[in-house]
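The values are calculated or read from the model by the stated rules, or taken from the named source; none is laboratory data. From a predicted model like this one, the values you see are computed outputs, not experimental measurements. Neighbour counts are summed over all protein chains in view; Cβ atoms, including those assigned to glycine, are modelled from backbone coordinates with ideal geometry.
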Amino acid sequence: MRHCDDEVLAALALGEPVDASDAAHVAACERCAHEVAELRDLQATLVDAGPAGPLVAPPDGVWEAIDTQVRAEDDAASGSVVPLTAGRRPRRAPDRTFAGWVVGAAAAVGVAIGGVGVALALRDTAPEQSLVAQAALADLATEADAGTARVERRDDGTEVLVVDTAYAPTADGALEVWLIDPDVVGMVSLGFLTADHGEFEIPAGYDVTAFPIVDISVEPADGDPTHSGDSITRGVLEG
Amino acid sequence: MSAGTAMVAETAERDDAPDRSLDRDFAAGVDGSLERLYRESSALVYTLALRSLGDRAEAEDVTQQTYVAAWRGRARFDPERGTARGWVVGIAKRTIADALESRSRERRRLEAVRDLPPAGEPDPLAREADRIMVRGEVESLGPPRSTIVALAFFEGRTHEQIATELRMPLGTVKSHLRRSLIALRRGLEAADASL
C-alpha cells in the first residue's frame, strides 16, 4: 500500500483540506492515522512550551573560557595522551593483573575523586597550602605497599607529582611515570623514574581530579612513545 | 521574538535534508567544530542550566563544563547514533544533575549542623526541561520557520495574521508550518534517542 507523504499528513494535522483520495487513505490506514495523531500531539506540545519563554544565550565570556581551557588541554596533550583503546600498538595484551586493577581502580576512583574535591575545598582555608592530593602506591603483581605519590603545588602555581618508591632497575626497560584518567583511556606521561625519589612537573591544563591514577610502567627502548601496557605500580590520588 | 522581518516569499522550497557536516566534523575533532557546536546549541544548554539551577554563575559554570567535557569525550560521540547537539544536551543534563546533587549534599550537611527544615524542592529537570528542549528544537529550525512556528504556537496567531505580519503569501506560511512540523517531529525524536 502506498502511504501518504509527510506533507499531506502534516496538512491533515493542521486541519487543512487535502485531496479526497488522501483523506480516504488516512481514514483507512492505521499507520498514516497514527502519524497524524502524533503530529497533532506535537502541536499541543508546542503550545505547552510557549510559557517557557525564549532561550537565553550565555554571556560572551563563557565561550572564551571554554576555548582557553580546551586549548590549554590540547596543547598539553599533543603527543602525550595515549588512548590504550585506540589499539595503536597491541604490543602485549593487558595481563590479568592489569585488567583486574582497572576494575578495582574504576570503583576506587569514584571514592577518590570525592576525596580530592574535599581536599581542594579544604586547601583554601588550611594553613598547609602545598599538598593537593596523595596516593598510596601498590605493586600490581603482589599488591604490596610500594611507596607514595603526592601532588604538591609550588609557589608559582605549578603542580608537581612527587614519587617515593623503592626503585628497582629492570632489564626490560626504563620506568615511566603516567597520570591516567578514571576510564583508563586518556593518560599523560610525566617522565622517567631513575631513583627512589622522583619529582615530575604536571603539564599545565592537567587536573589531577581528571587524571587521578598514578601509574609506573616498564617501557622497552623501542622508540615507541605510547604506553607499553606493562604497568608495575599504581595508586589513586585522593585528598 | 522579533517577527517584523520581511521574508523572501518562496524560501519554503529549500532542501529539507538535515546538514550532518557539523556532527561528522565534531566526531573527527576538526578545528573550529567545537565553536560551531557552541554557537548552535549553547543557548539551549545555558537556558536548561539557568532554569534548573536558578543561578547565573552556576549556569555559566555548567555550560563551560559541558562543552569542555563534550570536547574531551568526542571520541565517544558516534555521529551514526545521533547529533552532536543531542550529545551535548545529554552531557548538560548530567552536569546539571551533578550540580543539583552536590547542592543537596551541601544542604544536608548544613541541615545536620543547623537543624534546618528540609527545603522541599520539586524535580526542576522534568517538565520545564522538556519545554526548553522544544523551544530549542524550534530555534534550530532557523528563520523564517522558527519565527513562523513561534508566532503560530507560542503566540497563538492565526495563519492569516502571520502572513500579514511577515508579508508572506498565506500558502507559504502554511507550507512552512507543514515542513516545520515534520522537521520538529524528527528533531525531537532524535533528541529523545540521544539522551
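Going through (1) out of contact with any Asp or Glu (no Cβ under 7 Å at 6 or more places or on another chain); (2) touching a residue at least 60 places away in the same chain (Cβ under 8 Å); (3) surrounded by fewer than 21 Cβ atoms within 10 Å (Cβ to Cβ) one by one, A:Asp172 falls short only on (2). Look at B:Thr63 and say whether it is at pLDDT below 90 and crowded, with 22+ Cβ neighbours inside 10 Å. The answer is no for B:Thr63.
Checked against the criterion of being closer than 17 Å to A:Leu55 by Cα and more than 8 Å from every other protein chain (Cβ to nearest Cβ), the candidates B:Ala183, B:Ala190, B:Ala129 yield just one match: B:Ala129. Each residue in region A:19-43 was checked for being within 12 Å of another protein chain (Cβ to nearest Cβ) and buried (at least 17 other Cβ atoms within 10 Å of the Cβ), and 5 of them qualify. Here region B:132-161 is the region considered, the condition is being under 18 Å from B:Ile182 (Cβ atoms) and among the β-branched types (Val, Ile, Thr), and the residue that is nearest to the other protein chains (Cβ to nearest Cβ) is B:Val134. Here no strands (runs of 3 or more DSSP E) wholly within region A:136-239 include at least 2 residues being at pLDDT below 85. Given the residues A:Val109, A:Val116, A:Val102, A:Val82, which is the only one that is modelled with pLDDT under 90, touching a His at 6+ places or on another chain (Cβ under 7 Å), surrounded by 15 or more Cβ atoms within 10 Å (Cβ to Cβ) and under 30 Å from A:Leu179 (Cβ atoms)? Unique residue meeting the criteria: A:Val82. The test for being more than 7 Å from chain B (Cβ to nearest Cβ) and either modelled with pLDDT under 95 or surrounded by fewer than 16 Cβ atoms within 10 Å (Cβ to Cβ) (or both) does not hold for A:Ala49.
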